[in-house]
Amino acid sequence: MATFEKKRGKASPEVSTASLPDIIFMLLFFFMMVTVMRDSELKVDVNTPEATELTKLEKKSLVNYIFVGRPKVAYRDTYGTKPRMQLGDKFSTVADIPLFLEKHKAKLPENQRQGITSSLKIDGTVTMGIVADIKTALRKANQLKVNYSAGKRVD
Amino acid sequence: MGKTNTRDRMKNEVNAGSMADIAFLLLIFFLVTTTIAEDKGVLVRLPPWSNEPPENLKMNTRNVYSVLVNADDQLLVRGESMKVEDLKEATKLFIRNPRKEANKAEDPTKAIISLKNDRGTKYRTFLTVYNELKAAYTDLRNDESEKRFGKLYEYCSRAQRDEIKKVLPVVISEAEPTSFGDES
């Protein structure tokens, strides 16, 4: 008994906080991995279809995004429910595509420009009319590398 | 007893040495289990735009595999309706033509897949059909590379790929869509 009492001195046991930074760093890394940077807020609902023949987009800086879908609930009063196109962070029409592409191109050095890919994020329920118009506009602007964004299909 | 010496205090500390190990374990666990949202899709190369109407090429109809998708998302392949699930195998058969049938492609290099849709076709259907056509070519290329080099196409070297590309070029032509259906 005597030895027992001796061990429990008056000193308050302290938990070491030396590893706290480790934990914080771990959390930081975790969130860094999981979050996807999105430079533009989506104003249309995009639920891309699924496919199997997928190619990964490698260099993010060489990709420009064109979103097509029905406006989100908050924008329906102004823009209706018909599928609309979003370039950058605003609703646009097909006529705005050349300028949009040109702006993106201007940011890149000349030797990288032929690698520019347009990623079309199009909702599955949209009809092909608007898609065909976009394709024509891209062809006219000589932007021929196109990636139809799709999720992975598991059979 | 009244005074605590340093040795006593040392004994009361929780050993934090293994904390780092636990943290790393958690980190590795999350790294393994989370899938990072990736940007993937079906890569397509559009034909360049020209203002002149295309030349009226005389093409042997046996080499053209026409796939039509209407506004009701139905498939018409060479005048006959078909289910999307059967499209891949049928396309492979057309390109390869193992029995040298008179109504299928003379040679894989001459085969042309012509895809035409309506402005009212759903994008989902279009992409599924396109995906099946591309999958047919991927399968054929994989078969070819297995036969020649004993490995899948994606693991082949650049020179080997070029060799296969020469024998099995992907020719999927997209025609201007018709506009019979309703757009929404």
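The values are calculated or read from the model by the stated rules, or taken from the named source; none is laboratory data. Note that the structure is predicted; figures quoted are calculated from it, not measured. Cβ placement follows ideal geometry from the backbone for every residue including glycine, while neighbour counts extend to all protein chains displayed. Each accessible area value is taken on the protein alone, full model and side chains, heavy atoms only, with ligands, DNA and RNA left out. Shrake-Rupley method; radii C 1.70, N 1.55, O 1.52, S 1.80 Å.
Looking across region B:133-183, the residues that are closer than 25 Å to A:ASP123 by Cα and either under 15 Å from the mean Cα position of the chain (by Cα) or surrounded by 14 or more Cβ atoms within 10 Å (Cβ to Cβ) (or both) come down to B:LEU133, B:LYS134, B:ALA135, B:ALA136, B:ILE172, B:GLU174, B:PRO177, B:THR178, B:SER179, B:GLY181, B:GLU183.
Taking (1) open to solvent by 70 Å² or more (accessible area, probe 1.4 Å); (2) among the charged types (D, E, K, R); (3) within 8 Å of chain B (Cβ to nearest Cβ) in turn, A:ARG139 satisfies each apart from (1). Summed over region B:97-118, the residues that are open to solvent by less than 80 Å² (accessible area, probe 1.4 Å) and not acidic (Asp, Glu) give a count of 12.
Select from region A:14-32 the residues that are modelled with pLDDT of 70 or more and either more than 10 Å from chain B (Cβ to nearest Cβ) or open to solvent by 60 Å² or more (accessible area, probe 1.4 Å) (or both) and list them in ascending order.
A:GLU14, A:VAL15, A:THR17, A:ALA18, A:LEU20, A:PRO21, A:ASP22, A:ILE24, A:PHE25, A:LEU27, A:LEU28, A:PHE29
The residues of region B:147-184 that are acidic (Asp, Glu) and either on the phi > 0 side of the Ramachandran plot or away from every other protein chain (no Cβ under 12 Å) (or both), listed by number, are B:ASP162, B:GLU163.
If we scan region A:62-69, do we find a residue that is of a type outside the set (A, V, I, L, M), more than 9 Å from every other protein chain (Cβ to nearest Cβ) and surrounded by fewer than 16 Cβ atoms within 10 Å (Cβ to Cβ)? So far as region A:62-69 goes, no, none of its residues is of a type outside the set (A, V, I, L, M), more than 9 Å from every other protein chain (Cβ to nearest Cβ) and surrounded by fewer than 16 Cβ atoms within 10 Å (Cβ to Cβ).
Can you find a residue that is within 27 Å of A:VAL126 (Cα to Cα), over 20 Å from the mean Cα position of the chain (by Cα), open to solvent by 50 Å² or more (accessible area, probe 1.4 Å) and not aromatic (Phe, Trp, Tyr) anywhere in region B:40-48?
Yes, the conditions are met somewhere in region B:40-48.
Residues that are more than 26 Å from B:ILE164 (Cβ to Cβ) and open to solvent by 100 Å² or more (accessible area, probe 1.4 Å) were ranked within region B:82-96; the one that is farthest from the chain's Cα centre (by Cα) is B:LYS83.
Per-residue answers, yes or no, for (1) open to solvent by 30 Å² or more (accessible area, probe 1.4 Å); (2) facing chain B (nearest Cβ under 8 Å); (3) outside any helix (DSSP H, G or I):
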| residue | (1), (2), (3) |
| --- | --- |
| A:MET85 | no, no, yes |
| A:PRO98 | yes, no, no |
| A:HIS104 | no, no, no |
| A:LEU108 | no, no, yes |
| A:SER118 | no, no, yes |
| A:LYS121 | yes, no, yes |
| A:GLY124 | no, yes, yes |
| A:ILE130 | yes, yes, no |
| A:ASP133 | yes, no, no |
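Checking each residue in region A:39-61 for being open to solvent by 60 Å² or more (accessible area, probe 1.4 Å) and more than 26 Å from B:THR128 (Cα to Cα) picks out A:ASP39, A:GLU41, A:SER61.
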